[in-house]
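The values are calculated or read from the model by the stated rules, or taken from the named source; none is laboratory data. Since this is a predicted model, take the numbers as computed values, not measurements. Heads up, the Cβs are rebuilt from the backbone with ideal geometry, glycines too, and the neighbour counts pull from every protein chain shown. The area values use the complete protein model at the heavy-atom level, side chains included, leaving out ligands, DNA and RNA. Shrake-Rupley method; radii C 1.70, N 1.55, O 1.52, S 1.80 Å.
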Amino acid sequence: MSKKIRVSFHIAALGLITLAFFARVYRLADKNIWWDEGWTVWMGQHDWAWIALRTASDEHPPLHYWLMNLWQGVFGPDVVTGRFFSLAFGVLGVALLYRIGKAMGGARVGLLAALFLALARFNIWWSQDIKNYTLSAFFAWASVYFVWQWALTERRAANQSRWKLFWVGYVGAAFLALFSHYLAALIILANNIFVGLALLAQWRAGKNPLPLLWRWSAAQIAVVILLAPWLYLYLQKGATWTAAPTFDFTLFLRLAATVLTLGVTTYIENYTWLVIALLAIAALSAGWILIRQTPNAVFAKKRWSVGYALLIALIPPALIYLLALTPAAIFAPKIQARYLMMLTPALALLLAFGVLFAARHSKFVALALAAFIVGAQLFVLNAYYGERILRDEYTSVAQMLNNFGNADDALVLNTDQEYPTLLYYLARPFDWIGVPNGAPVDAATAQRVAADALQHRGVWVVTIPDALQKDPQRLVEQKIAERLPKQYEQTFGDKRLTLYANEIRNVKDVASKNFSPLAARNDVLDERLKLVGVDLPVHEALPGDVVRVVTYWAAQDLATLNIALQKTNGEIVARASVPISIGAHERAQADLQIPPDVNVNELRVVAQARLGAVTLGALAILPRAQVQNIETTTQPRAERFGEAIRLTGAALPKQSVRAGELVPITLVWQTDAPLPTSYTVFAHLLGEQYNPAQNNFLWGQIDRIPVEGKLPTNAWTPQQKIVDAYAIKLDDHAPPGAYKIEIGLYDANGTRLPVFDANGNALGDALIVGTVEVR
């Protein structure tokens, strides 16, 4: 290969690494932090000894948390910088795969594999998440690189002295991979199988396999010695894992195939043919093994390369499934699609070898296949990026606590299902008590939580949707209210914030020592009114969304504030008036609904008071995903829910089902007017016999935002036909008999909409739409 060609390959590789970087940095911050990320940030704020002891009890090894501790010490505990850590190893993984592909099959294989991994949705996904997957995957594949280079030196007598370098590299990489995530052991196992096959090949070729056997065995022993202190601690502290819930094997195969090819984890049935096509291209790589050709070094190397990639692509998924079936083990994971992330480079390699094999017969076909792969990746990437929208999930709740909480207040999380997420947004430490999320709240639990909270003079309670199921009677708040009166209550989306205190609290004017707006301002409207801060938690929104705008004012007398959403031509599409009292940091909140039928790309948020006006920010208006109404035969209905929502049709299931089956129903909705509230639809299966597990007569339930969460009620336009399909899972132990199908809608507080028949007669807060017989 000429020097000019080598340089062009290097430039192309740098271009692909740059592409990988921008594909992973794009919309990096445009997604709310979730439980695992909040947990990682929280863990990274502790010292190394505490982290080691905590992770030894029920976690993966501590390397990622230790590194996050160092990272946060430099850059701070911020979600964007934390994700940048994962991003860095994701990009390094692309660069590493280029080197692996180049070593295995030449520069073209390296470039193709790097291209496919650079655009792999699943790899991008976890490169934008504060988790240990890209870290562990990088070191696991570094071990693959060192094994391959080691194998090459064993075949080349002139280079055999270099085995020591690769031996050290392999031991270090394998140790670091395992010290990041236990499932890296699956790639280490594939390494061992590959070396075992290489030893067998040496023996069959009449060569002495013992030198390689001893060196390889010593490497494995070295890895175990390095891990021994951690394994000792883990065996002393670790909990016993139990078998995960049963997972259908066929479904697992479909899930694994879809995740590895497209990185899609939901509605995988929609991608079946695309997955089959991509697997067929990857299967072409097996041609290097199966085709009969006069043996030569280059061809033999491709055979071994494809075999190695197949080992990594096929054996770990099978072992993940088997591990999930283990009754008790050191590590028995539930079936999680994300555990397959570190195998995506293997699929990229197989696709590259498949394209290269096709090029032996037709370069045009190979080019078409490569274009098809990239096209499929861009297709699913577009949907992935479209789902990355920053929401006001906890920001406004946390801002109320940051600004108005006292140092001696307690914080009750009802339930504690999402506590790492809320803790991330809190700028101040609070003594918090969590209501356990694993079971319904009983009187004893409520009494214990209240007793802990009531040791403080003020108690803030954050209620999340999970509490609607676990504590529907608000037992925890009832116990707190017996001692402390309620001073404040407000709903923020699907969260509710309540303050119980022994004295009246000022929740309008923020004390100077607590004042912490998201954006400080210094806009003077007149000599007696100045804007000093703004909380605008989102910079993008969808039609129908309710945008929460909080402003802070230095006001020397009373005033009325007008907050508006305004088109670039000045037309106002939403407006709210808020009174301002006298204060140094007077808080004023306005909730503005973007019209569901708005057709603009941007709206400005404007505040006006007296004769002055100021722009608070801008919102990019994103289009909602197109929802196709499924054509189905429904029976006409004429019930009304609340003031405007009407049920105009329903399709009920077949007359009889068996326990454990899905019960499909389809509801057709319309609204007579725009809806400012997002309601959740519930669909229940009510039996004649009592269900002791649920402590009621409920034997099947689904609660969901309409149209699979894609079309909330606040996005409905008047007279729009909404076809809303559900599949209710009937309990596996449901006894035979007749079951009522009950539906309804409720808001973020759990308050159900009243139901009326066609004549306006009240029917309660739920509607029985039909029955189904359980055989």
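Some notes on this structure:
- Selected from A151, V223, Y133, residue furthest toward positive end of dipole (the range 114-238; charges at beta carbon): A151
- Whichever aspartates and glutamates have a C-alpha closer than 15 Å to that of K654, once near sequence neighbours (fewer than 8 apart) are set aside: E773
- Full-stretch length increase - E527, L213 - with 0.36 nm per residue and alpha-carbon distance subtracted: 104.6 nm
- Relative to the longest principal axis of the Cα atoms of the chain, the long axis of helix 63-75 lies at roughly 60 degrees.
- Mean ellipticity per residue at 222 nm, deg cm²/dmol - from DSSP H runs of n ≥ 4 across the chain, formula -39500 (n - 2.57): -14000 deg cm²/dmol
- Between A725 and D747, the modelled labels are 3.2 nm apart [label points 7 Å from Cα along Cα→Cβ].
- Comparing G544, V109, A23 along the charge dipole axis of the chain, the residue lying farthest to the positive side is V109, per the Cβ-charge model.
- Computed over the range 1-101, the convex hull of the alpha-carbon atoms projects to a mean area of 8.3 nm².
- Multiplying the residue separation of L319 and S581 by 0.36 nm and removing their Cα-Cα distance gives an extension gain of 87.9 nm.
- Extending 7 Å from the Cα toward the beta-carbon at both T81 and E643 defines two label points whose distance is 4.8 nm.
- Gained length - N192 relative to R254, 0.36 nm times residue gap less alpha-carbon distance: 19.6 nm
- Karplus-derived HN-Hα couplings along the range 3-18 (A = 6.51, B = -1.76, C = 1.60, θ = phi - 60°), whole Hz, x at Gly and Pro: 4, 4, 5, 4, 5, 5, 5, 5, 5, 4, 4, 4, x, 5, 5, 5
- Protection proxy ranking, highest mean first, for peptides 276-284, 218-226: 276-284, 218-226, where packing is the per-residue count of other beta-carbon atoms within 10 Å, averaged.
- Here the peptides 119-130, 651-662 are ranked by packing, the mean other Cβ count within 10 Å, and the order with the highest first is 119-130, 651-662.
- With all protein chains kept in place, the per residue accessible area of the chain amounts to 45 square angstrom at a probe of 1.4 angstrom.
- Recomputing semi-axes √(5λ) of the Cα gyration tensor in Å from the coordinates shown identifies the correct label among [x] 51, 32, 29; [y] 53, 31, 25; [z] 64, 26, 23 as [x].
- Candidate aspartates and glutamates for bridging to K31, where Cα separation is under 12 Å - those fewer than 8 sequence places away on the same chain excluded: D129, E387, D392, E393, E540
- Backbone N under 20 Å from the I504 label point (7 Å along Cα→Cβ), restricted to the range 548-576: 557-559
- Share of carbon and sulfur in the accessible heavy-atom surface of the range 338-396 [1.4 Å probe, %]: 68
- Under 15 Å from K470, Cα to Cα: aspartates and glutamates that are on another chain or at least 8 residues apart: D416, E418, D442, D703
- Residues of the range 113-128 with amide N under 16 Å of the 7 Å Cα→Cβ point at L19: 113-124
- Helix axis angle, 272-283 relative to the chain longest principal axis, alpha carbon, degrees: 20
- Magnitude of the charge dipole, the chain, Cβ model with Lys/Arg +1 and Asp/Glu -1, debye to 20: 4360
- The peptide list 440-447, 672-679, 312-319, put in order of mean Cβ contacts within 10 Å with the highest first, becomes 312-319, 672-679, 440-447.
- When only the Cβ of Lys, Arg, Asp and Glu is charged (+1, +1, -1, -1), the dipole of the range 407-544 relative to its Cα centre reaches about 260 debye.
- On Cα atoms only, tilt of 344-359 relative to the major axis of the chain in degrees: 60
- Projecting the Cα atoms of N406, L97, V306 onto the charge dipole of the chain (Cβ charges, centred on the Cα centre) puts V306 farthest toward the positive pole.
- Across the cross-link table entries K3/K302; K486/K513; K495/K530; K207/K302, which are compared at the Cα atoms, the separations over 26 Å belong to K495/K530.
- Computed from the C-beta positions of D494 and K164 and an R0 of 56 Å, the FRET efficiency is 0.40 to the nearest 0.05.
- The Cα center of the range 199-240 and the Cα center of the range 672-692 differ in position by 56 Å.
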